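Student: Dropping the structure in here first, questions after.
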Amino acid sequence: MAADQRIASYSDFLKALLSDRERVFEEVVEGVGLGSKLRYALLTIVLPSGFFGLVAGAYSGPAQALSAGIKLPFLFFATFAVCFPAFFVVQVLVGSRLRLLQVVVLVFGALALTSVLLAAFVPITAFFLITGANYYFQHLLNIAIAGVAGLFGMYALHEGLSVVCEKRGVYPRKALTIMRAWALLFAFVGIQLAWSLRPFLGDRNEPFRVFGSYQGNFYAAIIYAVNKLLQGEEKPAAPPGKQDTIPRFRGFVIPPIDTAVDSMHRRKRP
């Protein structure tokens, strides 16, 4: 590969990631600019995925938007931290000659592509947000977008490892089967972590919370949302209840302080 064709800037990295991924994979295998590619991939994971979370969370207000914008990039890194050690060790055991940093860059490159695809769907999410799509539709739409983006990201990783296997001979073909199984594991771990970090979309009728306390699981929630959407139901509005006069700070109840009159009228203990 000619020196003038090397990926030398962040814009080069993005262009290659979208339209010339084989170039990225070959440079990673050659060990060219691994540190810079890792920085570019990390930046690409944080910014686009954070932007998608920001727009999706805007359904419930600014606080939820900010929360989702932070939690979505964290979800990528947390899932990577849980799944990557087993993936790398198994790859070494089956004969991979890729170094640790090379595999890290390849996986983060796939996650960066996933993040870019999420950002590409932001106009669709924003359109339905502005036009007043109901809660269940927004919920399912964002899950579908995340699923499509994740699928393309894992496909890119598989494609990259295939190139390494065929052209460089440093990655055994049987390891590709393990990679497919690992991609499923990555998806299941990501789903479970996302369920633990919920809500991302939030509920307009409830006070803002960083983490929810819902019952059930992700799959039951999907079935429930589909049923509600097919029935044409929307989230019920919060009922006008009695005004709470007890002072609160972010959900923490501050007990009222006894006055002198209260103390005089309180029954004395025997």
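We did not get these values from a lab; they are worked out from the coordinates using the rules stated. Computed from a prediction, not measured in an experiment: that's the story for all the values here.
Student: Show me, for region 14-29, the HN-Hα J-couplings you get by feeding each phi into the Karplus relation (A = 6.51, B = -1.76, C = 1.60, θ = phi - 60°), rounded to Hz, glycine and proline as x.
Tutor: Per residue, the Karplus-derived 3J(HN,Hα) values read 5, 4, 5, 5, 8, 10, 8, 5, 4, 5, 4, 5, 5, 5, 5, 5 Hz.
Student: Right, next: Against the empirical 2.2 N^0.38 Å scaling, what ratio does the C-alpha Rg of region 3-206 come to? The partial results should precede the final answer.
Tutor: Working: Rg = 17.7 Å, N = 204, 2.2 N^0.38 = 16.6 Å.
Cα-based Rg divided by the globular estimate yields 1.07.
Student: Report the gain in length on full extension from Ser36 to Leu129: 0.36 nm times residue separation, minus Cα-Cα distance, nm rounded to one decimal.
Tutor: Extra length available between Ser36 and Leu129 comes to 29.8 nm.
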